[in-house]
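Written out below as structure tokens is the structure these notes cover.
Derivation of every value follows stated rules applied to the coordinates shown; laboratory data play no part. As the structure is a prediction and not an experimental result, all values here were calculated from the model. Glycine gets a Cβ as well: all are built from the backbone with ideal geometry, and neighbour counts include every protein chain shown.
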Number of protein chains: 2
Amino acid sequence: MELLKGAAVSAGIRQEVETLIKDLDRAPVLAIVRVGEKPDDLSYERNAVKKMEAFGLKARSYVFDAEISDADFKKAFVKINEEPEVDGILVLRPLPKQIRETDIERMIDPAKDVDGISPASLAGVFAGDETGFAPCTAEAVVEMLKAYGIPIAGRRAVVVGRSMVVGRPLAMLLLKENATVTICHTKTEDLPAVCRQAQILAAAAGRPRMLGRDHVGKGAAVLDVGINVDPDGNLCGDVDLAAIEDIAAAATPVPGGIGAVTTAVLARHTALAAGRRKKAAKGRRG
Amino acid sequence: MELLKGAAVSAGIRQEVETLIKDLDRAPVLAIVRVGEKPDDLSYERNAVKKMEAFGLKARSYVFDAEISDADFKKAFVKINEEPEVDGILVLRPLPKQIRETDIERMIDPAKDVDGISPASLAGVFAGDETGFAPCTAEAVVEMLKAYGIPIAGRRAVVVGRSMVVGRPLAMLLLKENATVTICHTKTEDLPAVCRQAQILAAAAGRPRMLGRDHVGKGAAVLDVGINVDPDGNLCGDVDLAAIEDIAAAATPVPGGIGAVTTAVLARHTALAAGRRKKAAKGRRG
């Protein structure tokens with residue numbers, strides 16, 4: 001089984017991003033919006049900041065108290081949204097319960113929506129057009145497949161999980177690449193049998209090592225989006241990698257797989273957003 | 001094989017619509033926007049008008065010359081969109097090439113978008129929430145299944161076709177009902193084998209009788225969204241009904257199947273839109 005490693009794919013995206021930045025007058029700026037101090041958020045933020053800096057972008061963290069009111073947060077969010085220097089906005093989610101997250105999804109400037117949370121971005125992903133940015137994790141899966149030369153068109157792809165953050169958008173991105181896509185979830189009957197038919201199996205269920213030997217067909221490529229902590233406190237994915245070693249043709253490790261590509265895609269989206277904003281501003285100036 | 005007939009399902013929806021209309025001060029109004037005189041459009045319009053009148057709604061046709069310019073059409077469309085008496089708008093598509101259809105999709109008031117063409121409506125369908133209305137044909141398929149008591153949750157559903165008018169939204173509506181959904185298309189390898197796994201097979205490819213004996217598993221429910229004219233000039237669906245009679249458990253005829261349910265769903269959406277608009281207006285008046 002070949003290990004599909006994120007670092008190599010990320011390095012390839014880095015070159016693209018450097019080319020994009022050369023055409024700009026300044027480093028693109030990503031605003032990272034965090035409410036509270038959840039360990040998951042802090043870890044994701046740390047990785048994102050590191051990646052932006054390594055790729056020649058700037059990251060600015062906007063941190064709010066976990067108890068902030070809906071009204072106060074929205075007031076602050078409007079300011080970040082309108083900040084001329086900010087090219088992209090990443091909102092660490094889920095937000096605390098008192099904040100109406102769907103309102104924030106509708107408020108975010110689609111031009112700065114680099115992680116695909118707005119209805120406009122998601123409608124574009126659904127339609128398979130280029131209107132907005134796709135959620136970075138979903139795009140990272142397709143990026144990984146392409147970078148390793150794994151064919152997608154015509155192949156049977158199975159996505160386990162149907163969240164709006166990964167599962168559904170990933171299904172649409174694979175469909176755009178002409179895969180025959182099946183979406184599975186907690187209500188799927190005989191999940192192992194459905195998964196075994198996959199030539200490309202993407203795990204985005206968020207349950208530690210839930211996919212094992214029974215779920216993987218001979219020669220499949222297995223993409224693991226899960227980032228979980230197992231009962232022993234170790235980081236692990238949704239796939240039991242050791243159990244599928246002699247069945248799968250290729251699989252992503254966790255950590256070291258999709259995660260590194262996700263932040264690289266985030267950097268690319270932010271650089272692209274900066275380029276589009278520059279072009280739009282030029283257009284307005286005539 | 002049981003024939004799944006649209007008329008019975010439509011009659012059930014009629015009762016719902018009558019109840020909805022009782023709560024209104026006036027008959028809900030559907031604006032039908034047609035550019036040119038294409039036979040398909042004329043036939044759909046005729047059926048829609050007949051259904052609206054039968055269900056106690058009003059239909060108003062807005063007809064434009066096939067050669068109308070993009071600018072002139074948009075000017076007229078804005079007026080229809082803002083017309084206070086209009087509760088729902090049905091745009092007969094595709095529009096002629098000189099009109100930028102994606103602009104119209106973005107212009108339509110989501111509150112009046114009874115056939116789910118706006119990005120806001122489609123983002124809602126994608127997410128599985130209740131933000132807007134789904135495309136009527138896609139919803140008609142689910143309506144038919146429910147009316148005939150065909151279980152969806154946990155079942156394997158295969159949708160052939162990935163248009164934004166039927167295939168993709170239908171996949172999302174079936175997912176919302178907890179089916180395990182596979183989307184097939186022209187690039188799918190071994191389409192018959194994939195289709196045979198379906199307990200629910202929905203044909204939305206727009207190719208006359210393309211699905212036959214090879215594509216249907218024993219006991220499947222087959223839903224045919226296609227409305228085609230065969231080489232002999234006869235109306236037919238995407239499914240060769242005669243060929244699957246002894247294999248499928250149930251199937252919709254064409255004509256007489258999904259079509260009748262589609263216009264009934266259109267009437268329900270328009271009545272619902274009128275009710276929501278009334279409520280919103282009341283809210284504004286305090």
Using alpha-carbon positions, the gyration tensor of the range B:136-259 gives root eigenvalues a ≥ b ≥ c; with a/c under 1.5 called rounded, otherwise prolate if a/b exceeds b/c, else oblate, the class is rounded
Helix B:167-176: inclination vs chain B longest Cα principal axis, degrees, rounded to 10, gives 80
Pairs over 18 Å Cα to Cα, from B:LYS176/B:LYS279; B:LYS5/B:LYS146; A:LYS112/B:LYS112; A:LYS187/B:LYS218; B:LYS79/B:LYS279; B:LYS146/B:LYS279, come to B:LYS176/B:LYS279; A:LYS112/B:LYS112; A:LYS187/B:LYS218; B:LYS79/B:LYS279; B:LYS146/B:LYS279
Highest GNM mean-square fluctuation among A:ASP224, A:ASP246, A:ASP238, for chain A with Cα springs under 10 Å, belongs to A:ASP246
Inter-copy distances for A:ALA71, label 7 Å out on the Cα-Cβ vector, sorted ascending, nm, one decimal, are 4.7
Pseudo-spin-label distance B:ASP129 to A:ARG26, built 7 Å along Cα→Cβ, given in nm, is 3.3
With +1 at each Lys and Arg Cβ and -1 at each Asp and Glu Cβ, the charge dipole magnitude of the protein assembly as shown around its Cα centre, to the nearest 20 debye, comes out at 960
Extension length gain for A:ALA71 and A:GLU101 (0.36 nm per residue less Cα distance), in nm, is 9.6 nm
Gyration tensor on Cα atoms of the protein assembly as shown, a ≥ b ≥ c root eigenvalues, a/c under 1.5 rounded, else prolate if a/b beats b/c, else oblate, says oblate
Per the charge dipole of the protein assembly as shown (beta-carbon charges, Lys/Arg positive, Asp/Glu negative, Cα centre), the residue among B:LEU95, A:GLN199, B:ASN47 reaching farthest to the positive end is B:LEU95
Expressed in angstrom and rounded, the centroid-to-centroid distance over alpha carbons for the range B:91-154 and the range A:56-83 is 34
Candidates B:PRO253, B:PRO231, B:PRO28; GNM for chain B (alpha-carbon contacts under 10 Å) flags as most fluctuating B:PRO231
Distances in nm between the label point of B:LYS50 (7 Å along Cα→Cβ) and its equivalents in the other copies, shortest first, are 6.8
Taking every DSSP bridge whose two residues both lie in chain A, the antiparallel percent to the nearest 5 is 5
Percent antiparallel among DSSP beta bridges confined to the protein assembly as shown, rounded to 5, stands at 10
Note, B:ALA27: beta-carbon cut-off 13 Å, +1 each Lys/Arg, -1 each Asp/Glu, net -1
Put in order of increasing Cβ neighbours within 10 Å, starting from the fewest, A:THR102, B:THR252, A:THR180 give A:THR102, A:THR180, B:THR252
Most exposed first, judged by fewest Cβ atoms within 10 angstrom, A:GLU101, A:GLU67, A:GLU177, A:GLU139 run A:GLU67, A:GLU101, A:GLU177, A:GLU139
Expected max-MSF residue from B:LYS187, B:LYS97, B:LYS58 in the GNM of chain B (alpha carbon, under 10 Å) is B:LYS187
If amide H atoms are modeled at 1.01 Å from N in the peptide plane, then the residues at a separation of 5 or more from A:SER61, or on another chain, having amide H under 5 Å from its own are A:ILE32
Here the relative contact order (percent) of the range A:25-144, from C-alpha pairs under 8 Å and at least 6 apart, is 24
P(r) of chain A over all Cα-Cα pairs, 5 Å bins starting at 0, rounded to whole percent, reads 1, 6, 12, 16, 18, 16, 13, 9, 5, 2, 1, 0, 0
In whole Hz, the Karplus estimates of ³J(HN,Hα) for the range B:210-224 (6.51, -1.76, 1.60; θ = phi - 60°; x where Gly or Pro) are 6, 9, x, 3, 5, 9, 10, x, 4, x, 6, 9, 10, 10, 10
Measuring from its Cα centre, chain A shows a charge dipole (+1 at each Lys and Arg Cβ, -1 at each Asp and Glu Cβ) which, in debye to the nearest 20, is 860
Spelling it out for A:CYS236: with amide H atoms placed in the peptide plane at 1.01 Å from N, the residues 5 or more places away or on another chain with amide H under 5 Å from its amide H are A:ASN228, A:VAL229, A:ASP230
Under the rule rounded for a/c under 1.5, else prolate if a/b exceeds b/c, else oblate, using alpha carbon gyration tensor axes a ≥ b ≥ c, the range A:20-178 is classed as prolate
Phi-derived 3J(HN,Hα) across the range B:12-23 with the Karplus relation (6.51, -1.76, 1.60, θ = phi - 60°), rounded Hz, x for Gly and Pro, is x, 5, 4, 4, 4, 5, 4, 5, 4, 5, 4, 7
Inter-chain shielding metric for A:120-127, i.e. average beta-carbon neighbours from other chains within 10 angstrom, reads 6
So, in nm and shortest first, the distances from A:LYS38 to its counterparts in the other copies, with label points 7 Å along Cα→Cβ, work out as 4.6
Between A:ALA220 and residues 5 or more places away or on another chain, the pairs with built amide H atoms under 5 Å apart involve A:ALA249
From fewest to most C-beta neighbours within 10 Å, the residues B:VAL141, A:VAL166 line up as A:VAL166, B:VAL141
Dividing the helical contributions, -39500 (n - 2.57) per DSSP H run of n ≥ 4, by the residues of chain A yields a 222 nm value, nearest 500 deg cm²/dmol, of -13500 deg cm²/dmol
Phi angles of the range B:68-84, converted by Karplus (6.51 cos²θ - 1.76 cosθ + 1.60, θ = phi - 60°) into ³J(HN,Hα) in whole Hz with x for Gly and Pro, give 4, 6, 3, 5, 5, 5, 5, 4, 5, 5, 4, 5, 4, 4, 8, 3, x
